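Just so it is clear, none of the values below were taken in a lab; they were calculated from the coordinates. In this text the structure is predicted, and so the values were computed from the model without any measurement. Quick reminder, even Gly has a Cβ in these numbers, built from the backbone with ideal geometry, and neighbours come from all protein chains shown.
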Amino acid sequence: MKCITLALAATLVSVTAALAHSKAEDTTPADGTTVETVAVIELRFDDPMRVTAIKVTGPDGDLDITRETGLNPVTAFRALPPDVIPAGAYTVDWRGLSADGHPMQGTFGFTVED
Ligand SMILES: [Cu+2]
């Protein structure tokens, strides 16, 4: 009985090691940058991520974005901002489900210049 338990534990450890979290690699706009305009908000991941929620907060509150990517797991998630967005600092908060099934979240920010 003890041997079976140990073998099972070893199997679980190796599966966990093989399936690491998907990670955010970079974004558009890039974190910490100042941009003239925002044509698209894009999050790129090393492994597929199911982005379950995304919020863009700016000087006038939450930005009214339109998801281009649905709830399917992707390595590049895209959302479109309104045609005109006010100058100021923006924060993007997202939540998702990693390819290994773990809930993930992230934040990045950028500034739209006058
Ligand atoms: Cu994980």
Cα convex hull of segment 24-65: how many Å³ per residue?
-> 87 Å³
Please grab the % of Cα pairs in segment 20-112 that end up more than 14 Å from each other.
-> 61 percent
Using the number of other C-beta atoms within 10 angstrom as an exposure proxy, rank 49, 104 with the fewest first.
-> 104, 49
Can you list the residues, at least 5 places off or on another chain, whose amide H is less than 5 Å from the amide H of residue 52, using H built in the peptide plane?
-> 95, 96, 97
Taking the Cβ of residue 77 as the center, what net charge do the other residues with Cβ under 14 Å away carry, scoring Lys and Arg +1 and Asp and Glu -1?
-> 0
